[in-house]
Amino acid sequence: MTATIVAQQIINGVVLGSLYVLVALGLTLIYGVLVQINFAHADFVTLGAFAAYFFMHLLGGSYLASIAVALLVGALLGVAINLAIFAPLRHKGSELLPLIATIGVSTMMQNAMLAVFGPVPYAFETPYSQRVFRVAGTFFTEQSVIIVLVSIATIALLYAFMKFTFLGKALRAVAQDRETAGLMGINPNYLIMLTIVLSSALAGMAGAMLAPVLVLTPFAGTSVIVKAFAIVIIGGFGNVEGTILAGLLVGLIESFTTQYLDPGLIDIVVFGLLLLMLVFRPTGLISERREENV
Amino acid sequence: MSDAVAVGPAYRSSRRRLAFLFAALVIAVLPLLLTSGYWRTNLTLCAINVLLAIGLDFILGYAGQLNLGQSAFYGLGAYVSTLLITKFGVHFWAAFAAGVAFAGLAGMILSLFAVRLRGHYLAIASLGFAVIVHQILLNWISLTQGPLGIYGIPPPPAIAIPGLPPIEFSNQVALFYLVSAFALLAYLLLDQLVRSPIGEALTAVREDEISAQSLGINANAWKVFAFGVGAAVGGAAGCFYATFVGTLVPDAFFITESFTILAMVIVGGMGTLIGPVFGAILLTLLPELLRDIGDLRLVVYGLALTLVVLFMPGGLVQGWELLRRKFAGARVAGGR
């Protein structure tokens, strides 16, 4: 019986965790290349979720297509925030100004969405949330299978892109040393744009998959993003492998805290871990093994 | 500018004294001019927000530490003082002192992270701290009554001065005078601090920590100090907020409140004390003046924050300087 409960919570944790990984990877990518934080990332998640919702419920699109729509919306938001915030502020060389500006964008987007969509939660039903599989006492929906598979596929694609394509290598080169990469004929402006668009597309897409799991309100992204921040720090800022590991860890913490403690304690546990990490291992979970992994 | 008059320190300090007198006069007159309960409420909110903004600015603008946890200190001050009053029957001013001290202590604890981290890491650590405090207020139901909130918080007890009628703080005007007098006092104190060698030490840490340390400035000690003072001022704002509104719910101290306070500091002009005062007043009143927009109050905050960072990172203070220089330039040109 307890084994079943544990197995069930592992399943729940992995489903949640893979969504958190998608959100957190976007933050980590931007940090790796730009050394900046996009606070509006959360609202890209939310707007992606709403885009998917309206694509399905107003236009009658399929759920899988709505994930693509959300991805597109995220990518467009990425273009916009790069043009409006990151590109003009990059030359001022301040570490904190872009962060503060994106806090402004986030506040603006969140409350604009509140005015447009209202505070009442939307019920995001997909045809896949009804179909339930039962395996050895545990159960999970087709929706969660889709979430995990799409997340794994996206992460694998991203990984392959970074490792094997020229663009991916150029991206890592810019992340390592922007000046030298520029001397090698790589246009950093173009690659920074690409990074922000990629990461925002990930956020939008994660929104479409999160919405059926969480409560869809204009603030849906905020609860996710604070965990995503915790994940990128626990995993080591800019470290992709660490982010994946930390994302799954936070998903598991969330499901086990809900089962054995109290759902109200989730954020306290996650951020307690974050603060402990910052004190004892500010470089993240797998910083030491990083060299082996390259 | 060539038109700069030689300004001696004596002249500057007498001008400063005049400015304080003028500010005190404005505070004294305002509630007499604005007689509706609605505007008097806004005035008191302005005074509370001024406290929050100058507290954050001391940490952010002077010590250079991006603290996104000001909402936590605000909430701790409010809850600690209120719980002492309502649960333990502690006298208001003792509870006030305890709330301020507790918030200051929490700031010093958070600064222990600032000692090890900087920039983005500190921003997220302080945000995490604010999330934890909010969640504790929400979930420690036996103490805080969680989302149900605490109701019927009494105003500060009346002060009896012999020979005069007692000052009742259930009176809106009296409470406004109390809060704004405290805000003016806090401003005076911080103003003295930042213009003293302590302020120079803080700015040195902000500008270049390593150089500051090589000059014998203990950067970590100053960060602890800045966080302690800034958080205590935020805690004082919380105590006043609780007694002014009479109701406490944890969501008043959600992390978005930190962003609102940040907007006040940035819009006003971080790294100056006078800027955040006007930033706080502007951002408190602006949404009220634009009442038609209703729900869009926070959209205005976000927009103001973004536009200021993009186009005028020095905030209102920078705008004022630009205007003044333009005016002075025109005067010089006209006098030729």
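The values are calculated or read from the model by the stated rules, or taken from the named source; none is laboratory data. In this text, all values refer to a predicted model and were calculated from it rather than measured experimentally. Using ideal geometry, Cβ is built from the backbone for each residue, glycine included, and neighbour counts are taken over all protein chains shown.
Kindly indicate the residue of the stretch A:277-294 that is assigned to a helix (DSSP H, G or I) and at pLDDT below 65 and also nearest to the other protein chains (Cβ to nearest Cβ) among those meeting that condition. Give the steps one after another, and end with the answer.
Residues of the stretch A:277-294 assigned to a helix (DSSP H, G or I): A:277-280, A:290-293.
Imposing the further condition that a residue be at pLDDT below 65 reduces the set to A:290-293.
Values: A:Arg290: 18, A:Glu291: 22, A:Glu292: 25, A:Asn293: 22 Å.
Step by step, filter the stretch A:277-294, then rank; the result is A:Arg290.
When the residues of the stretch B:189-239 are filtered to those that are among the small types (Gly, Ala, Ser) and not in a helix (DSSP H, G or I), which remaining residue is farthest from the chain's Cα centre (by Cα)?
Residue satisfying both the conditions and the ranking: B:Gly216.
Any residue that is of a type in the set (A, V, I, L, M), facing chain A (nearest Cβ under 9 Å) and free of Cβ contacts under 8 Å to residues at least 60 places away in the same chain - is there at least one of those in the stretch B:88-109?
No, the stretch B:88-109 contains no residue that is of a type in the set (A, V, I, L, M), facing chain A (nearest Cβ under 9 Å) and free of Cβ contacts under 8 Å to residues at least 60 places away in the same chain.
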Check your understanding: Does A:Leu191 count as more than 10 Å from chain B (Cβ to nearest Cβ), modelled with pLDDT under 85, in a helix (DSSP H, G or I) and crowded, with 18+ Cβ neighbours inside 10 Å?
Key -> yes
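Name the residue that is farthest from the other protein chains (Cβ to nearest Cβ), counting only residues in the stretch A:107-116 that are buried (at least 18 other Cβ atoms within 10 Å of the Cβ) and of a type outside the set (S, T, N, Q). Outline the logic, then answer.
Of all residues in the stretch A:107-116, those buried (at least 18 other Cβ atoms within 10 Å of the Cβ) come to A:107-113.
Next cut, of a type outside the set (S, T, N, Q) only: A:108-109, A:112-113.
On the way: A:Met108: 3, A:Met109: 7, A:Ala112: 5, A:Met113: 10 Å.
Checking each candidate, the answer is A:Met113.
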Check your understanding: Looking at A:Thr217, A:Thr180, A:Thr222, A:Thr195, which one is polar (S, T, N, Q) and closer than 23 Å to A:Ala68 by Cβ?
Key -> A:Thr195
Check your understanding: Restricting attention to the stretch A:92-101, does a residue exist that is away from every other protein chain (no Cβ under 12 Å), at pLDDT 85 or above, in a helix (DSSP H, G or I) and over 22 Å from A:Leu214 (Cα atoms)?
Key -> no
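To keep it simple, each residue is scored yes or no on (1) in a loop (DSSP other than H, G, I, E, B); (2) among the β-branched types (Val, Ile, Thr); (3) within 9 Å of chain A (Cβ to nearest Cβ).
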site: B:Ser111; (1), (2), (3): no, no, no
site: B:Ala114; (1), (2), (3): no, no, no
site: B:His120; (1), (2), (3): no, no, yes
site: B:Ile124; (1), (2), (3): no, yes, yes
site: B:Leu127; (1), (2), (3): no, no, yes
site: B:Val131; (1), (2), (3): no, yes, yes
site: B:His134; (1), (2), (3): no, no, yes
site: B:Leu137; (1), (2), (3): no, no, no
site: B:Gly152; (1), (2), (3): yes, no, no
Exercise for review: Could you please give the count of residues in the stretch B:231-253 that are crowded, with 22+ Cβ neighbours inside 10 Å and within 13 Å of chain A (Cβ to nearest Cβ)?
Suggested key: 1
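Tell me, yes or no, whether the stretch B:130-141 has at least one residue that is under 22 Å from B:Met270 (Cα atoms) and surrounded by 15 or more Cβ atoms within 10 Å (Cβ to Cβ). Explain how you work it out, then say what you get.
Just the residues of the stretch B:130-141 that are under 22 Å from B:Met270 (Cα atoms), to begin with: B:130.
Going one step further and asking which of them are surrounded by 15 or more Cβ atoms within 10 Å (Cβ to Cβ), we end up with B:130.
Checked the stretch B:130-141: at least one residue is under 22 Å from B:Met270 (Cα atoms) and surrounded by 15 or more Cβ atoms within 10 Å (Cβ to Cβ).
Looking at the stretch B:138-145, can you tell me whether even one residue there is under 23 Å from the mean Cα position of the chain (by Cα), modelled with pLDDT under 90 and not polar (S, T, N, Q)? Full working, then the answer.
Applying the first criterion (under 23 Å from the mean Cα position of the chain (by Cα)) to the stretch B:138-145 yields none.
Within the stretch B:138-145 (the criterion being under 23 Å from the mean Cα position of the chain (by Cα), modelled with pLDDT under 90 and not polar (S, T, N, Q)), the answer is no, since none of the residues qualifies.
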Exercise for review: Of all residues in the stretch A:220-233, count the ones that are over 11 Å from the mean Cα position of the chain (by Cα) and either buried (at least 24 other Cβ atoms within 10 Å of the Cβ) or modelled with pLDDT of 85 or more (or both).
Suggested key: 3
Exercise for review: Collect the residues in the stretch A:220-276 that are within 10 Å of another protein chain (Cβ to nearest Cβ) and among the charged types (D, E, K, R), keeping them in residue-number order.
Suggested key: A:Lys227, A:Asp262, A:Asp267
Review point. In the stretch A:117-147, which residues are away from chain B (no Cβ under 14 Å), among the hydrophobic types (A, V, I, L, M, F, W, C) and outside any helix (DSSP H, G or I)?
Key: A:Ala123, A:Phe124, A:Val132, A:Phe133, A:Val135, A:Ala136, A:Phe139, A:Phe140
Check your understanding: Out of all the residues in the stretch B:224-233, is one or more out of contact with any helix residue (DSSP H, G or I) (no Cβ under 6 Å at 6 or more places or on another chain) and not aliphatic (A, V, I, L, M)?
Key -> yes
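Residue-wise test of (1) within 14 Å of another protein chain (Cβ to nearest Cβ); (2) within 18 Å of A:Thr222 (Cβ to Cβ).
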position: A:Ala70; (1), (2): no, yes
position: A:Leu76; (1), (2): no, no
position: A:Val79; (1), (2): no, no
position: A:Leu83; (1), (2): yes, no
Practice item. Taking the residues in the stretch B:30-51 that are assigned to a helix (DSSP H, G or I) and among the small types (Gly, Ala, Ser) as candidates, determine which candidate is surrounded by the most Cβ atoms within 10 Å (Cβ to Cβ). Key: B:Ala47
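Restricting attention to the stretch B:168-177, and to residues there that are over 19 Å from B:Phe278 (Cα atoms) and crowded, with 19+ Cβ neighbours inside 10 Å, which single residue is modelled with the lowest pLDDT?
Going residue by residue through the stretch B:168-177, those that are over 19 Å from B:Phe278 (Cα atoms) are B:168-175.
So of that shortlist, the ones also crowded, with 19+ Cβ neighbours inside 10 Å come out as B:169, B:175.
Working: B:Phe169: 76, B:Leu175: 86.
Among those residues, the one meeting the criterion is B:Phe169.
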Point to revise | Residue count for the stretch A:194-237, restricted to those that are among the polar types (S, T, N, Q), more than 15 Å from A:Ile37 (Cα to Cα) and part of a helix (DSSP H, G or I) | key: 1
Point to revise | Given (1) aromatic (Phe, Trp, Tyr); (2) closer than 18 Å to B:Gly119 by Cα; (3) surrounded by fewer than 16 Cβ atoms within 10 Å (Cβ to Cβ), number of the condition A:Phe54 does not satisfy | key: (2)
